[in-house]
1. Run Ala168 past the list (1) modelled with pLDDT of 95 or more; (2) more than 15 Å from Ser249 (Cβ to Cβ) and report the number of the one that doesn't hold.
2. Looking at the stretch 231-253, is at least one residue among the hydrophobic types (A, V, I, L, M, F, W, C), part of a strand (DSSP E or B) and either within 15 Å of ligand 1 (Cβ to nearest atom) or touching an Asp or Glu at 6+ places or on another chain (Cβ under 6 Å) (or both)?
3. Could you please find all residues in the stretch 199-210 being open to solvent by 20 Å² or more (accessible area, probe 1.4 Å) and not in a loop (DSSP other than H, G, I, E, B)?
4. Within the stretch 265-274, is there a residue that is touching a helix residue (DSSP H, G or I) at 6+ places or on another chain (Cβ under 8 Å), more than 16 Å from ligand 1 (Cβ to nearest atom) and among the hydrophobic types (A, V, I, L, M, F, W, C)?
5. Could you list, ordered by first residue, the pairs with Cβ atoms under 8 Å in which the first is in the stretch 29-43 and under 9 Å from Asp334 (Cα atoms) and open to solvent by less than 20 Å² (accessible area, probe 1.4 Å) and the second is among the hydroxyl-bearing types (Ser, Thr, Tyr) and assigned to a helix (DSSP H, G or I), at least 6 apart or interchain?
6. Quick check: anything in the stretch 267-277 closer than 23 Å to Leu107 by Cα and either outside the structural domain of Asp170 (by TED's automatic domain parsing) or within 16 Å of ligand 2 (Cβ to nearest atom) (or both)?
7. Do the conditions hold for Ser255, that is, is it open to solvent by 20 Å² or more (accessible area, probe 1.4 Å) and without any contact (Cβ under 8 Å) to a residue 60 or more places away in the chain?
Amino acid sequence: MRVVVLHNAEETLEQGDAKDALAVVAVRACADAVVSGLRRLGHDGLLLPAPEQPGVLLAAIERARPDVVFSLIESYRGDAALEPAVVALLELVGVPFTGNRSLACTLALRKSIAKALLVAAGVPVAAGVVVEREDALAAGSSAGDAGHALLAEFAARVPFPWIVKPAAEDASHGIDAGSVVFNLAAAGARATQIALRYHQAAIIERFIVGRELNVALLGPHAAPEVLPLRAIDFANFPAGRPALVTYDSKWVAGSPDWNGTNVVDADLPSATEARVRDVALRAWKALGLTGYGRVDLRLDVDGTPVVLEANPNPDLTPDAGFALAWGRTGATYDELLARILEQAHAGPAP
Ligand SMILES: Nc1ncnc2c1ncn2[C@@H]1O[C@H](COP(=O)(O)OP(=O)(O)O)[C@@H](O)[C@H]1O
Ligand SMILES: [Mg+2]
């Protein structure tokens, strides 16, 4: 098959820290691994860094006449919010493409909408509130008066610690040691910092301290396969800090957070494993995932699996979580690419 491997071209971001760009550059390494694998499988793999002009992008896809587009797009022109628009362009062209449809990609970047859908489907999520950007920026108090009232009301029913995260980012952008807060003032200050640095709302949640689990799923929307469950081992996480997967954990090799977050086999008791798989599958269904995705959860004190988020099209780099979970089945990376290619579809449903 002729397979166009479409990936981000840019190496800088519109917003956030310069360090945030590391996550974007990593997409290039992934694209190289995918194209090499496709060629080993006997396909005609072509790398296409997404041109900055939509018309040029469209023309490049049409000119390549691919049988399938292998979509590794995470952002467009430096803006993660435009990722779903590029996927929607593939839907518009009608070319089969791998991974998720634009709707699921949009939901992943709108954490509060995704949470509402999970709640409606009976999937346990962390109690939370959203502080709008304008409220966080308003004068009067650290998170603005409206934001402050909201947080005070939240504090009356949800005990600290809380986590404060950007409402419209992924890949742990904006997640660091200061994300976990222990009082109202710190929560408000953090929401304001997110408003200033990331130009978006903040989502504030009860911080679930139990084990963190990753559930990789692969296959069509209606009948995905659940890959071997993985967990984050925080044993070497810097002492005295709440354990969580920060930006440094994911992207800054050799940092204390990186060294302190190792992905291992989950080895859960079978009853817990069954609950985790069930919750992950329900999250996949509720958010319309297809192709491949990863659901991240933490176990609450009573053992309830709480969904933190679902990631459509997680990183496919051979040494990243998804491929490593696949590797636990005994199959090769190239076989993973072949499976994802088989699932490629053209339509906008489900
Ligand atoms: N409510 C929560 N309770 C405990 N830890 C959380 C919570 N929300 C996020 N985290 C931690 O922060 C990390 C990143 O948060 P996540 O919502 O997955 O953002 P991203 O989309 O940037 O990956 C998670 O992997 C987890 O370690
Ligand atoms: Mg995450």
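1. Result: Ala168 passes all but (1).
2. Restricting attention to the stretch 231-253, the residues satisfying the condition of being among the hydrophobic types (A, V, I, L, M, F, W, C) are 231-232, 234-235, 237, 239, 243-245, 251-253.
After this cut, where a residue has to be part of a strand (DSSP E or B) as well, the list is 231-232.
With either within 15 Å of ligand 1 (Cβ to nearest atom) or touching an Asp or Glu at 6+ places or on another chain (Cβ under 6 Å) (or both) added as a condition, the list becomes 231-232.
Yes.
3. Residue satisfying the conditions is Arg206 alone.
4. Filtering the stretch 265-274 down to residues touching a helix residue (DSSP H, G or I) at 6+ places or on another chain (Cβ under 8 Å) leaves 266, 268.
Narrowing further to those that are more than 16 Å from ligand 1 (Cβ to nearest atom): 268.
If we keep only those that are among the hydrophobic types (A, V, I, L, M, F, W, C) too, we end up with 268.
Yes, there is a match, as at least one residue in the stretch 265-274 is touching a helix residue (DSSP H, G or I) at 6+ places or on another chain (Cβ under 8 Å), more than 16 Å from ligand 1 (Cβ to nearest atom) and among the hydrophobic types (A, V, I, L, M, F, W, C).
5. Here the result reads Gly37/Tyr333, each pair linking the stretch 29-43 to a residue that is among the hydroxyl-bearing types (Ser, Thr, Tyr) and assigned to a helix (DSSP H, G or I).
6. Our first condition is that a residue be closer than 23 Å to Leu107 by Cα; within the stretch 267-277, this holds for 276-277.
Applying the additional criterion that residues be either outside the structural domain of Asp170 (by TED's automatic domain parsing) or within 16 Å of ligand 2 (Cβ to nearest atom) (or both) yields 276-277.
Yes; the residues of the stretch 267-277 include at least one that is closer than 23 Å to Leu107 by Cα and either outside the structural domain of Asp170 (by TED's automatic domain parsing) or within 16 Å of ligand 2 (Cβ to nearest atom) (or both).
7. Working: open to solvent by 20 Å² or more (accessible area, probe 1.4 Å): no; without any contact (Cβ under 8 Å) to a residue 60 or more places away in the chain: yes.
So Ser255 fails the test.
Here is a yes/no grid of residues against (1) part of a strand (DSSP E or B); (2) closer than 30 Å to Thr192 by Cβ:
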{"site": "Gly42", "(1), (2)": "no, no"}
{"site": "Leu47", "(1), (2)": "yes, no"}
{"site": "Ala60", "(1), (2)": "no, no"}
{"site": "Ala81", "(1), (2)": "no, yes"}
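The values are calculated or read from the model by the stated rules, or taken from the named source; none is laboratory data. Bear in mind that the values here come from a model prediction, so they are computed numbers and not experimental data. Note that each Cβ is placed from the backbone with ideal geometry, even for glycine, and that neighbours are counted across all protein chains shown. Note: accessible area is taken over every heavy atom of the protein model, side chains too, but ligands, DNA and RNA are not part of it. Shrake-Rupley method; radii C 1.70, N 1.55, O 1.52, S 1.80 Å.
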